[in-house]
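Chemist: Dropping the structure in here first, questions after.
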Amino acid sequence: MKKTLLVLDSSARTNRSITRSLTARLTERWRGRWQSAEVIHRDLGRNPPQAISEAWIGAAFGKPVEGPSPLAESDELIDELFRADAIAIGVPMYNFGMPAALKAYLDQIVRVGRTFDFRAEAENPYLPLIPSKPVVAVASMGAGGFEPGGEMANLNFLEPHLATVLGFVGLDRFSVVRAQYEEFKDERWRLSVAAAEMAVDAWVDGLEV
Ligand SMILES: Cc1cc2nc3c(=O)[nH]c(=O)nc-3n(C[C@H](O)[C@H](O)[C@H](O)COP(=O)(O)O)c2cc1C
């Protein structure tokens, strides 16, 4: 059976991007592990998804549509999420959170009736609809100390936000690989990138999909 990896790159940089080099490494490792590997690559940095619109919201909540569906892009992105056996997300920290292109992606894929549902009577009214599968966020930060317990951890709005939204639609097997100190280009940065490279390899090698 084909093993399908969905790779999302969200760095606006196409040159010297740490997250892109780490997702490229991860992709290569994936192809090396399974002969029948399939990789779906979405370059959100180069081609950001549309911001959701009034027409999108209307259609998503059942308003009849005339002409082309405002949900066509959303449908395509959601189909890929269901098809994937695992997901890798390259994500730089921009202004303490995720890039707008990745947020636009999340807004496209969180859809009532497709990726989550409501249960009015239940204690927890939300029902995730995507089957659980491994997801890794491959993050890079200019500064350091964003890891749990680190001195900048309280300013890390990227990881909790991403983990929360993905968990909401069922993608609750979430882990993070972090390369930090990119702005300093010092020993801390080199060590952090080397550790991230090892962690990316270990993530692929340890998967049971
Ligand atoms: C617009 C912008 C905003 C950034 N904001 C932050 C930030 O809030 N905190 C931080 O530690 N680094 C910040 N950085 C540094 C990036 O996180 C860092 O350069 C990272 O390596 C970018 O990922 P990339 O190498 O894949 O492009 C920012 C960089 C840019 C371009």
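Chemist: Quick check on segment 18-98: take the gyration tensor over C-alpha atoms, sort the square-rooted eigenvalues as a ≥ b ≥ c, and tell me if it's rounded (a/c under 1.5), prolate or oblate.
Modeler: oblate
Chemist: Continuing with this model, one more query. Size of the dipole of the chain about the Cα centre, Lys and Arg at +1 and Asp and Glu at -1 on the beta carbon, nothing else charged, in debye to 20?
Modeler: Taking the Cα centre of the chain as origin, the dipole is about 480 debye.
Chemist: Between segment 150-209 and segment 1-49, how many Å separate their Cα centres?
Modeler: Taking the Cα centre of segment 1-49 as reference, the centre of segment 150-209 is 15 Å away.
Chemist: Now a separate question. Probe radius 1.4 Å, ligands and nucleic acids left out: which of Ser74, Ser21 has the largest accessible area, and how do the rest follow?
Modeler: Putting Ser74, Ser21 in descending order of accessible area: Ser21, Ser74.
Chemist: Counting just the Cα atoms, what span does segment 84-194 cover along each of its three principal axes? Round to the nearest Å and put the largest first.
Modeler: 53, 28, 23
Chemist: Springs between alpha-carbon pairs under 10 angstrom, Gaussian network model over the chain: which of Val169, Val110, Val65 fluctuates most?
Modeler: Among Val169, Val110, Val65, the largest GNM mean-square fluctuation belongs to Val65.
Chemist: Using alpha-carbon pairs under 8 Å, 6+ residues apart, how would you state the relative contact order of segment 3-205 in percent?
Modeler: It rounds to 23 percent for segment 3-205.
Chemist: At 7 Å along Cα-to-Cβ for each site, give me the label-to-label distance between Val209 and Ser53 in nm.
Modeler: With each label placed 7 Å out from Cα toward Cβ, I get 3.3 nm.
Chemist: Follow-up. Consider just the alpha-carbon atoms of the chain and return their Rg together with their Dmax, both in angstrom.
Modeler: My reading of the Cα-based Rg and Dmax gives 17.7, 58 Å.
Chemist: Okay, moving on. How many nm separate the modelled label positions at Asn95 and Ala143, each set 7 Å beyond the Cα in the direction of the Cβ?
Modeler: Here the answer is 1.6 nm between the modelled labels.
Chemist: Rank Ser192, Val176, Met93 by how far each Cα sits towards the positive end of the charge dipole of the chain (+1 on Lys, Arg Cβ; -1 on Asp, Glu Cβ) and give me just the farthest.
Modeler: Ser192
Chemist: Related question: Once you put a point 7 Å from the Cα of Phe157 and another 7 Å from the Cα of Phe82, both along the Cβ direction, what distance in nm separates them?
Modeler: 3.4
The values are calculated or read from the model by the stated rules, or taken from the named source; none is laboratory data. Keep in mind that this is a model prediction, so the values were computed, not measured. All Cβ positions, even for glycine, are placed from backbone atoms using ideal geometry, and neighbour counts span all protein chains on display. These accessible areas exclude ligands, DNA and RNA; they are computed on the full protein's heavy atoms, side chains included. Shrake-Rupley method; radii C 1.70, N 1.55, O 1.52, S 1.80 Å.
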